[in-house]
Amino acid sequence: MGHDNVAGTTLKSPPDFIKCVRDELPAGEKAFMREDNHALALFLESTDPRQSTGLVEIRPSGTQHHYSAYQRDAWYDKGRLLDAALMCS
């Protein structure tokens, strides 16, 4: 993993994990949820991956769920989205 992404597993359900991450972000942050192929995703600023400033995706897998998070320019705000994903896991 680099400075702009994290990944791991969690016992939280996908909706609970995404809600936790969303709750850790500033109130004015534009966030969009999308469900696709059994994965739940949270996009920041835009659902277009080329324009989105961040993405958290979680997929169910038995009792544990695999998540990954990517934040464009994470250095700018010290990886706020990445920290939220780690804290919520």
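Rounded to the nearest 500, the 222 nm mean residue ellipticity of the chain from helices alone is -6500 deg cm²/dmol, with -39,500 (n - 2.57) taken per DSSP H run of at least 4 residues. Annotation: the residues Phe43, Phe32, sorted from fewest to most other C-beta atoms within 10 Å of their own C-beta, follow the order Phe32, Phe43. Calculate, in whole percent, how much of the Cα-Cα pair population of region 5-88 lies beyond 22 Å. Above the 22 Å cut-off, region 5-88 has 15 percent of its Cα pairs. For the chain, the Cβ-based charge dipole about the Cα centre amounts to some 100 debye (Lys, Arg positive; Asp, Glu negative; other atoms uncharged).
Rule-based calculations on the coordinates, nothing more; no lab input. These figures come from a predicted structure and were not determined experimentally. Note: ideal-geometry Cβ built from the backbone for every residue, glycine included; neighbour counts use all protein chains shown.
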